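The values are calculated or read from the model by the stated rules, or taken from the named source; none is laboratory data. Quick caveat: nothing in here was measured; it's all calculated off a predicted structure. Neighbour counts are summed over all protein chains in view; Cβ atoms, including those assigned to glycine, are modelled from backbone coordinates with ideal geometry. For accessibility, only protein heavy atoms count, side chains too; no ligands or nucleic acids. Shrake-Rupley method; radii C 1.70, N 1.55, O 1.52, S 1.80 Å.
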Amino acid sequence: MTKKKPLQLFARLLGNERWQFITIPAFSILCSLVAISVIILLIGKNPLEAFSSLLAGAGWIAKSNYAGGKAAFTDFMDMLDAFTPMLFAALAVTVALKSGLFNIGVAGQMLLSGFIATVAVGYSDLPSVVARPLVLLIGIVVGAAAGALMGWLKDRFNIHEVVSSIMLNYIFQYVISFFIKTRYIDPVSRQSRMAAASARLEITDIKIAGVTTHFPLGLVLALIAAIGIWFLLAKTKTGLELTATGLNAKSARYAGIRTGRTLIIAMGISGALAGLAGVTYYLGSVRSIIPGELTSVGFDSIAVALLGNTHPLGNIASSLLITTLTSGSTYMSSTVGVRQEIASLIVGMILLFSACGGYLKLWVQRATSEQLPDKGSESVHPRTISGQEEQA
Amino acid sequence: MNTIIIDGLSFALPLLIIAIGGIYSERSGITNLALEGLLGFGAFSGGLFVAATAGVFAPTSQVPLYLSFLVAAGGGALFSILHAVLCIKFRADQVISGVVVNIVSIALTGFFTSTINAAVFGQASNKFMLSTSPRLTIPLISKIPLLGAVFTNFYPFEVIILVLVALCWYLLYRTRYGLHLRAAGDNPQALDAAGIDVARVRFKAVLMSGALSGVGGMCFAYSISTNFSPAIYFGSGYLAIAALIFGNWKIMPTFAACLIFGFARSAAYQLVLALNADASVADLAMITPYVITLLLLAFFAKTNRSPRALGELYDKSKR
């Protein structure tokens, strides 16, 4: 028994079930940082230096020097710029996953809504009071339509949503590339022409406390959306229907839920969120579209949603973490000389460890319940046992 | 017309071998979204092998070419252990695990390729150069109109793939292990009751999918770019998943799906060339394979049925 002491201590450190939603991700992040430190040490660099420059690049701590009028706050807002579409995209994946669907087409839905909004509003001279709400509306409608199309294809024709979304990703990508190249190309940048500033979901070059920066208008909306989706899933009838279908479609049908309709609603909501991600991305931090390319935000959002435990509010934390890593990595590679790829390696490692979270939970349960003399009861009431442990 | 067949086959066959890898894993009950990452890691291992042994073999030797496929299979299998361990031992969600494996593979291979190039070969590059694969033509048969194109200008790996496909088909449908594998995906409880270790069967199946994907990745590395670079991740793993779902998780229908896909793709290319059209029109033509796939699925997907226990953790106590 004495040999198991440190392990048990460690298990108790991870806490009971009530706190595991925070202790287990924290442990995963810690493990991955340790693993990455070893790699950075192996290539002969200082890991602490690398991590601090990563944070500085994302604006959490100050860099050694700044260009005129800029400060750590500027970098921080830059990071929030990338954070906004990431949170929307992660929410899109979350809603679908909660409903038992896998929306791998977020990138395509983003591109489609971003493109249509750019062409319809971004190239017009509408005043910003009209243009900005219109951009948001287009994002929601176009995204929802694209998402619902996948749901409909699955309901009507039994086409797996993974297949249809991959196919539609390619179709959107090529068709939009065709239109950009033939009509909306900027001959110098070889991208689509810049959208008008009045349509952009971002206030640029404002001074806040004497520091030049910009403010992503979608940020507030994204946070509201996260809370709204949480409310929808946890507190409403539609939310119950979605999650019930996600947990077990067959029993949901027996319970009288119209699963086909639920499927289309789920993909519609997911698509609308992806559309919002698209307009806050293509009319937010970037102003033009590169023809024939899908943004990596669409695929990274899958990882972000999973890291956030597919919980709408957890997504806020995980989006913040991942965008910190990605937007800080350029500064890290330029100052410390650690390659930029390290950032995505950290993301991968964090995910790797958090994928084992379920197992870890089980292990903690076993390790803590072993302290009790009666081993047989462990499988019967693991919840009460770990609860008693905490009080003891 | 000949070019359509030649190019179509050289795209369809690597896609097929990756899809068969997917079939092995999914028929055993393990969802495998990791194909993209596995094929990339396989190609990375093969590329690294070619780069590392550049001085060992004579410059004109074909040995590294063939050995690289073997190494790629090994690399893919090695990396698939990650997916297998996560799904089987650590009880991770299989979709999550697949996505994670892809992300880790892209990050890891990109990082190591740059680092190894800088540290060992002293050049700043994110590629491993490969030798150009030879292309073979069988003398007499290739003269047959239309059908002869199949025997003209083909890559040696296409033969390797066809042999592998035949072996995989036999293994899956005609051997005891294949029966166990299919049972593990449809009714693991029955398999367990028969005294077979479900976890072991599934583990082997995932390893198999890693090895086959690795070979497929290496083929793409030779046929598309003659190097290993992060450009290998162009979505062929996901396409292979689409093909195997299209093929209803069976080898022969998947073969047909891949052929349709490959030919539609090369026909679209040739059409653009023949019309002498602008490069931007090529973008429109490129959607052909994807539109055809969706349309065909709309007609034929009704009867599709995934393996019953696909994506489920095997739990002995479950009824």
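Which of the peptides B:90-97, A:78-85 is most tightly packed, and how do the rest follow, going by the mean number of other Cβ atoms within 10 Å of each residue?
Details: B:90-97: 22.4, A:78-85: 24.2.
Descending packing order for the listed peptides: A:78-85, B:90-97.
Counting pairs of alpha carbon atoms under 8 Å apart in space and at least six apart in sequence, what relative contact order in percent does region A:77-327 give? All intermediate terms of the calculation are to be shown ahead of the outcome.
Values: 459 pairs, mean separation 107.2, N = 251.
Result for region A:77-327 is 43 percent.
To the nearest 100 Å², how much accessible surface do chains B and A cover up together, summed over both, with a 1.4 Å probe?
Numbers: alone 15190 and 19440 Å², together 30790 Å².
Summing both sides, the interface buries roughly 3800 Å².
When you count, for each residue, the other Cβ atoms within 10 Å and take the mean per peptide, how do B:159-168, B:50-59 rank with the highest first?
B:159-168, B:50-59
Beyond 30 Å, what share of the Cα-Cα pairs of chain B remains, rounded to the nearest whole percent? Display every interim value, and only then the final one.
Working: 18334 of 50721 pairs.
Tail fraction, whole percent: 36.
Note down the relative contact order for region A:148-280 as a percent, whole number, built from C-alpha pairs under 8 angstrom at least six residues apart. Spell out each step's value before the answer.
On the way: 88 pairs, mean separation 36.4, N = 133.
It rounds to 27 percent for region A:148-280.
Going by the alpha-carbon gyration tensor, a ≥ b ≥ c the square roots of its eigenvalues, is region B:175-280 rounded (a/c under 1.5) or, if a/c is not under 1.5, prolate (a/b greater than b/c) versus oblate? Intermediate values should be presented prior to the final figure.
Numbers: a/c = 3.97, a/b = 2.22, b/c = 1.79.
Prolate is the answer for region B:175-280, as a/c is 1.5 or above and a/b outweighs b/c.
Quick one: angle between helix A:106-117 and the longest Cα principal axis of chain A, in degrees between 0 and 90, rounded to 10, please.
In chain A, helix A:106-117 runs at an angle near 30 degrees to the longest axis.
With the other protein chains left in place, how much accessible area per residue, in square angstrom, belongs to region A:77-327 at a 1.4 angstrom probe? If you can, show how the numbers build up before the last one.
Numbers: 9510 Å² over 251 residues.
I get 38 Å² per residue for region A:77-327.
Taking the highest mean first, how do the peptides A:333-339, B:298-304 order by number of other beta carbon atoms within 10 angstrom per residue?
Numbers: A:333-339: 17.9, B:298-304: 13.9.
Per-residue mean Cβ counts within 10 Å order the peptides as A:333-339, B:298-304.
Helix A:17-42 versus the longest principal axis of chain A: what is the Cα-based angle in degrees, 0 to 90, to the nearest 10?
70 degrees
Round to the nearest 0.05 the FRET efficiency obtained for A:Trp363 and B:Arg200 when R0 = 25 Å and r is the Cβ-Cβ distance. It would help to have the intermediate numbers written out before the result.
On the way: r = 22 Å, r/R0 = 0.88.
Plugging the Cβ-Cβ distance into 1/(1 + (r/R0)^6) gives 0.70.
Please state, as a whole number in µm²/s, the translational diffusion coefficient that the Stokes-Einstein equation yields for region A:77-327 at 37 °C and 0.692 mPa s, with Rh defined as the Kirkwood radius across alpha carbon pairs.
On the way: Rh = 18.1 Å.
Result for D is 181 µm²/s.
In the structure displayed, which of A:Lys250/B:Lys302; B:Lys89/B:Lys302; B:Lys204/B:Lys316; A:Lys181/B:Lys302; A:Lys70/B:Lys127; A:Lys361/B:Lys250 lie more than 26 Å apart, Cα to Cα?
Working: A:Lys250/B:Lys302 18 Å; B:Lys89/B:Lys302 35 Å; B:Lys204/B:Lys316 19 Å; A:Lys181/B:Lys302 38 Å; A:Lys70/B:Lys127 38 Å; A:Lys361/B:Lys250 37 Å.
Too far apart for the 26 Å limit: B:Lys89/B:Lys302; A:Lys181/B:Lys302; A:Lys70/B:Lys127; A:Lys361/B:Lys250.
Rounded if a/c is under 1.5, else prolate if a/b beats b/c, else oblate: with a ≥ b ≥ c from the C-alpha gyration tensor eigenvalues square-rooted, which is the protein assembly as shown? It would help to have the intermediate numbers written out before the result.
On the way: a/c = 1.32, a/b = 1.08, b/c = 1.22.
Rounded, since a/c falls under 1.5.
Determine the calculated [θ] at 222 nm for chain A from helices alone, applying -39500 (n - 2.57) to every DSSP H run no shorter than 4 residues and normalising by the residue count; nearest 500 deg cm²/dmol.
After summing the helix terms and dividing by the residues of chain A, the value is -23000 deg cm²/dmol.
Relative to the longest principal axis of chain A, what angle (0 to 90°, nearest 10) does the C-alpha long axis of helix A:382-391 take?
Long axis of A:382-391 versus the principal axis of chain A: about 80 degrees.
Got a number for carbon plus sulfur as a percent of chain A's accessible area, 1.4 Å probe? Walk me through the intermediate numbers first.
Numbers: 11270 of 17510 Å².
Answer for chain A: carbon and sulfur cover 64 percent of the accessible area.
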